[in-house]
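Okay, structure first, notes after.
A short reminder: the numbers here are calculations on the coordinates, not readings from a lab. All values derive from a computational prediction rather than experimental measurement. Every residue, glycine among them, receives a Cβ derived from its backbone with ideal geometry; neighbour counts consider all protein chains shown.
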Amino acid sequence: MSYKWPDKDKDETLDYNIDWSRFLGEDTITSSNWYITDADGVKQLATSSNTPINGLNVLFGVGATSVSSNGKVTTARLSAGTNNVRYKISNQIGTASGLTYERSVFLRVKDK
């Protein structure tokens, strides 16, 4: 299942969240990886090298990619992007009980 975030301007750097609480119950997140699907439909892992994927950048560092203190919400800080491109961003999490979940969200970059 895919979700949609509000449009982002290419000049903005913003935090985007996924709230996993309705899927997890009492379980908590122990790992989180972010992926961007490129123009060729290839899902690429966003890494701390901060190399943009298809023009969009997932930033790393303090608070930039994180799991909330309650272990239920993940955050990615996104910057740049190509105007009029619709990105598919996926977050894959691992939980304390050994489960793996993945959800995708669409984000369109548009000049505001």
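Every residue in region 97-112 that is of a type outside the set (Asp, Glu) and assigned to a loop (DSSP other than H, G, I, E, B), please. Spell out how you get there, then give the answer.
Let us first name the residues in region 97-112 that are of a type outside the set (Asp, Glu), namely 97-101, 103-110, 112.
Passing the criteria: 97, 98, 99, 110, 112.
Criterion first (surrounded by 13 or more Cβ atoms within 10 Å (Cβ to Cβ) and part of a strand (DSSP E or B)) does residue 94 satisfy it? Taking the combined requirement at face value, the residue satisfies it. Residues that are closer than 15 Å to residue 86 by Cβ, polar (S, T, N, Q), in contact with a Lys or Arg (Cβ under 6 Å, 6 or more places away or on another chain) and in contact (Cβ under 8 Å) with a residue 12 or more places away in the chain do occur in region 36-52. Taken over region 88-110, the criterion of being over 10 Å from the mean Cα position of the chain (by Cα) and either of a type in the set (S, T, N, Q) or more than 16 Å from residue 65 (Cβ to Cβ) (or both) is satisfied by 95, 96, 97, 98, 99, 100, 101, 108, 109, 110.
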